[in-house]
1. Dividing the convex hull volume of the Cα atoms of segment 99-146 by its residue count, what figure in Å³ per residue is obtained?
2. Which GluC sites (Glu not before Pro) does segment 153-212 hold that lie in a coil by DSSP with at most 11 other beta carbons within 10 Å?
3. Would you calculate a helix-derived [θ] at 222 nm for the chain, using -39,500 (n - 2.57) for each DSSP H run of n ≥ 4 and dividing by the full residue count, to the nearest 500?
4. Per residue, how much accessible surface does the chain expose to a 1.4 Å probe? Answer in Å², no decimals.
5. His117: net charge of surrounding residues, Cβ under 12 Å, Lys/Arg +1, Asp/Glu -1, itself excluded?
6. Rounded to two decimals, what is the ratio between the C-alpha radius of gyration of segment 251-348 and 2.2 N^0.38 Å?
7. Which parts of segment 131-149 would a label at Leu168 reach, counting a residue when its backbone N lies under 12 Å from a point 7 Å out along Cα-to-Cβ?
8. As a quick test, which of the pairs Lys91/Lys180; Lys292/Lys353; Lys146/Lys284; Lys61/Lys91 have an alpha carbon distance above 26 angstrom in this structure?
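The values are calculated or read from the model by the stated rules, or taken from the named source; none is laboratory data. Computed from a predicted model, the values in this text were never measured in an experiment. Backbone-built Cβ (ideal geometry, glycine too); neighbour counts: all protein chains shown. The protein model used for the area step is the full one, side chains on, heavy atoms only, and it has no ligands, DNA or RNA in it. Shrake-Rupley method; radii C 1.70, N 1.55, O 1.52, S 1.80 Å.
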Amino acid sequence: MTTVDTAVGATKTMVLNMGPQHPSTHGVLRVLLELDGENVVTAVPDLGYLHTGIEKSCEDKTYSQAITLTDRIDYLNPLGNNLAYCLAVEKLLNLEVPKRAQYIRVMMVELQRISSHLVWLGTHALDMGAMSVMLYAFREREEILKIFERFAGQRMMTSYIRIGGLALEPPTGWRELVKKFIDSMPAHIDEYEALLTENRIWKGRLEGVGYLPAEQLIALSTTGPGLRAAGVAFDNRKMFPYSSYEEFEFDVPTRTESDCYARYMVRVAEMRESVKLVRQAMAKITDQGAYKAEAPGIIPPQREKMKTEMEALIYHFKIFTEGFSPPPGEAYAAVESPRGELGCFVASDGSPKPLRVHFRGPSFVNLQALPFMVQGQLLADVVASIGTIDIVLGEVDR
């Protein structure tokens with residue numbers, strides 16, 4: 001117990017542990033709260049309950065082997081993690097990825113963005129007491145996971161984006177499968193909004209809660225929907241285009257209220273923009289063409305060539321047993337993940353294994369804003385604020 005001065009005089013405060021079992025924290029974030037009644041005086045996030053050591057593990061793998069580890073940094077954005085890492089390694093190698101592969105990458109990561117936002121929407125709505133929305137959101141996410149399974153043979157940890165391109169040629173019938181989903185998705189988003197956007201309980205829980213001005217968010221290095229909800233249209237896909245995003249037309253949704261409700265509105269609008277991006281990518285993807293770069297000794301050869309060309313068989317064997325060795329140097333690549341800027345730094349010493357791999361996880365950086373968001377708010381508002389930051393603890397404790 002401590003004593004603090006309030007408008008009505010001195011009062012006693014209580015220190016309370018929130019978590020690490022609370023569902024909105026995914027089980028591994030503890031927030032140390034100092035409370036004056038139900039009002040938050042201070043909040044201190046306590047991290048480190050899920051330290052996976054992924055970055056150090058990457059340094060003990062060849063460059064290609066490390067891709068499977070990147071899937072697990074943010075289990076709601078595995079394809080985006082693959083992309084950030086592969087872009088950094090491709091910079092080291094000065095490797096040009098075929099346009100067809102770039103367009104497929106865009107389509108896949110935008111489907112991943114929708115999937116991630118659906119999990120956020122469903123779980124956040126459940127935290128706020130709206131159970132039906134979670135069932136609907138997970139219904140649509142299931143259709144996206146079916147698409148991933150068709151493309152990669154795996155629902156979540158796909159490792160589909162590889163250095164130099166993609167793991168596999170798109171499967172037979174993929175256009176019909178993706179088109180069926182994106183044709184139905186706008187009506188489903190309308191359904192979520194009909195349940196929530198003007199719902200007075202929903203608005204009562206979120207409007208005016210977790211406010212932070214844009215200047216403070218920028219000072220805290222916040223990125224993603226949280227920053228865009230404060231009126232700052234910063235998006236790596238627009239500011240620093242990668243994978244041919246400069247060829248696509250899309251808006252960067254913003255709001256100016258900078259509260260929990262504004263962050264909800266931004267994410268809903270982002271799902272609509274991702275549907276547009278998937279449509280454009282489908283139109284750009286040709287039925288024939290390379291899905292990975294031609295780089296003997298770095299990119300595995302086509303399996304058909306291995307059956308007829310001894311050189312191709314030798315390259316395949318050497319790549320998967322010894323790996324490849326980029327020239328000494330370092331590279332940084334950043335993508336726009338569903339949570340904000342996801343950056344990857346890779347340093348090479350000329351050996352087949354990275355000298356250093358480091359990820360700039362948006363969850364870790366964005367979590368800095370939590371103590372300022374909840375100060376002076378009610379205890380229940382802490383749940384709403386944590387939810388709209390959209391933390392994935394794999395990005396925090398990597």
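1. 45 Å³
2. Sparse-neighbourhood loop GluC sites (Glu not before Pro): Glu198.
3. About -14500 deg cm²/dmol.
4. 42 Å²
5. +1
6. 1.68
7. Those under the cut-off are 147-149.
8. Result: Lys91/Lys180 exceed 26 Å.
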